[in-house]
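The values are calculated or read from the model by the stated rules, or taken from the named source; none is laboratory data. Worth saying up front: this structure is predicted, and the values here are computed from it rather than measured. Every residue, glycine among them, receives a Cβ derived from its backbone with ideal geometry; neighbour counts consider all protein chains shown. Heavy atoms of the whole protein, side chains included, go into the accessibility calculation; ligands, DNA and RNA do not. Shrake-Rupley method; radii C 1.70, N 1.55, O 1.52, S 1.80 Å.
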Amino acid sequence: MATMHAHPGHPGGSRMAGPPPLAPWSPDKKHSDRERWVCIYPAYINRKKTRQEGRRIPKQCCVDDPSPQEIRDVLQALNMNVLVELKQYPRERSRELQCRGRIRVQLRNDDGTPLNAEYASRDSILMHLGKTIPLLKSRQTKAPEQSQAATSSAAGHSQKKGKGKRR
């Protein structure tokens, strides 16, 4: 019995419509080609990672567990061209879906000048992400809930004494 493979050109193909796959890199590509855009993985700005595990900036400038969506939102607010890919960072040990995501950002115009003079390098973008992601509304609403949950659970455990009845 022959197995069927889903191809985008064939009827019944189940592939989602998205950007075409990236071509191999070559030096004659323009800066506006997606292959020339800079890659940013969330591990680059994750405070919980060591330098060996892929963190690129100092810990005091980093964020706890940034998501690719948060990085995308911040970069889109800067009016930068952004592409999110479902790729995994090679140094990431966890194979879970939430650990996946790579963001590609266009830094330069075709003539080589920076798109945004304030953020002309990968490091300047990473530092901006580290400062801006904690200020996102999604981050600010999560933090109070977590602190309330921690205090209520700690208070609940301190009132109990002993093991209680065994049945």
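Quick notes on this one:
- Here the contact order of the stretch 18-85, divided by its residue count and restricted to Cα pairs under 8 Å and six or more residues apart, works out to 21 percent.
- With N the number of residues in the stretch 38-137, Rg(Cα) / (2.2 N^0.38 Å) evaluates to 1.03.
- Karplus 3J(HN,Hα) series, Hz, for the stretch 102-111 with 6.51 cos²θ - 1.76 cosθ + 1.60 (x for Gly, Pro): 9, 10, 9, 10, 7, 9, 10, 6, 4, 7
- Under 13 Å from the GLN98 label point (7 Å along Cα→beta-carbon), backbone N, the stretch 52-80: 65-68
- Placed amide H near LEU115: partners under 5 Å, 5+ positions off or other chain: ARG108, ASN109
- Calculated from backbone phi, Karplus (6.51, -1.76, 1.60) coupling profile of the stretch 120-130 in Hz, x at Gly/Pro: 8, 10, 4, 4, 5, 5, 4, 5, 5, 4, x
- Exposure of LYS87 as accessible area (Å², to 10), given a probe of 1.4 Å and all protein chains: 100
- Mean Cα-pair separation over length for the stretch 50-115, i.e. relative contact order, pairs under 8 Å, 6 or more apart, %: 29
- Computed from the C-beta positions of ARG139 and ARG34, the FRET efficiency with R₀ = 25 Å rounds to 0.30.
- Coupling constants for the stretch 79-94 follow from the phi torsions by the Karplus curve (6.51 cos²θ - 1.76 cosθ + 1.60, θ = phi - 60°), and in residue order they are 6, 9, 6, 10, 9, 9, 10, 8, 10, 10, 5, x, 7, 6, 7, 6 Hz; glycine and proline get x.
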